[in-house]
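Bear in mind that the values in this text are calculations on the coordinates, not laboratory data. All of these numbers come straight from a predicted model, not from anything done at the bench. Here the Cβ positions follow ideal geometry from the backbone for every residue, glycine too, while neighbour counts run over all protein chains shown.
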Amino acid sequence: MPVTTSALLVMDVQNGIVERFGEHAQDLLSTLARTIGVAREVGIPVVYVRVAFRKGAPEVSARNRAFAAAGSDAMNETEVTTEVHPVVTPRDGEVVVTKRRVSAFSGSDLDAVLRALDVDSLVLTGIATGGVVLSTLRQAADLDFRLTVLSDGCVDADPETHRVLMDKVFPRQASVMTAEEWITTARQ
């Protein structure tokens with residue numbers, strides 16, 4: 001079997017988004033901090049993805065219901081709300097990709113970064129399961145990446161959406177496992 005090169009994607013785990021998820025985000029942050037630590041320990045690159053817009057949000061069309069409703073300055077790329085949450089802060093040298101749409105690939109240079117790292121396998125985590133995780137999984141599958149989703153490394157405002165995606169949708173294109181299961185595998 002060919003050797004794979006994996007990367008751990010930590011998506012939309014940024015101050016302004018984390019604060020909207022309250023205690024659910026606190027459990028997620030703890031899980032992600034442990035997962036990131038193990039990825040670093042075993043030499044798996046950690047790539048952070050954040051959503052942010054330029055001042056005045058010229059990237060946001062009035063036709064985009066989700067982003068237009070947030071307001072033009074809600075996700076300004078210079079604001080603390082768009083920074084990666086301090087519990088999972090990137091280390092020097094770790095890549096932080098800024099995207100302009102829901103998928104981590106759309107409106108970003110993520111694909112170029114992953115290709116430069118010779119990555120062919122992605123471990124997906126983030127907020128929200130029905131947003132960035134779903135959109136990124138679909139696009140990454142079309143780009144022929146091997147995929148793993150950490151079920152407790154993602155959170156959604158709607159627990160039923162999270163459950164259906166993890167149990168019924170994601171397994172069609174990805175391995176779905178807990179962070180602890182992935183950690184055990186990564187350390188082997």
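Points worth noting:
- Taking the convex hull of Cα positions in the chain, its mean projected area over all directions (nm²): 10.5
- Taking 7 Å steps out from each Cα toward its Cβ at ALA66 and ASP144 produces label points 2.7 nm apart.
- Across the chain, Cα pairs under 8 Å and at least six residues apart give a relative contact order of 26 percent.
- Note on ARG91 and GLU41: their simple-model spin labels are 1.3 nm apart, each label 7 Å out from Cα toward Cβ.
- Each Lys and Arg contributes +1 and each Asp and Glu -1, all at the Cβ; summed about the Cα centre of the chain, the dipole is approximately 420 debye.
- For the range 79-167, the relative contact order works out to 24 percent when only alpha carbon pairs closer than 8 Å and six or more residues apart are counted.
- Sequence of VAL87, VAL42 once ranked by neighbouring C-beta atoms within 10 Å, starting from the fewest: VAL42, VAL87
- Helical segments meeting 18 Å axial Cα length and Kyte-Doolittle 1.0 threshold in the chain (DSSP H): none
- Among SER6, SER30, the order by Cβ neighbours within 10 angstrom, fewest to most, reads SER30, SER6.
- Counting only DSSP H runs of at least 4 residues, each contributing -39500 (n - 2.57), and dividing by the residue count of the chain, the helix-based mean residue ellipticity at 222 nm comes to -9000 deg cm²/dmol.
- Residues THR184 and GLU23, FRET efficiency given R0 of 35 Å [Cβ-Cβ distance, rounded to 0.05]: 0.85
- FRET efficiency for the pair ASP111 and GLU79, taken as 1/(1 + (r/R0)^6) with r the Cβ-Cβ distance and R0 = 25 Å, rounds to 0.45.
- Arranged from fewest to most other beta-carbon atoms within 10 Å of their beta carbon, THR82, THR98 become THR98, THR82.
- Among the trypsin sites (Lys or Arg not before Pro) within the range 81-180, those in coil by DSSP and having at most 15 neighbouring Cβ atoms inside 10 Å are ARG91.
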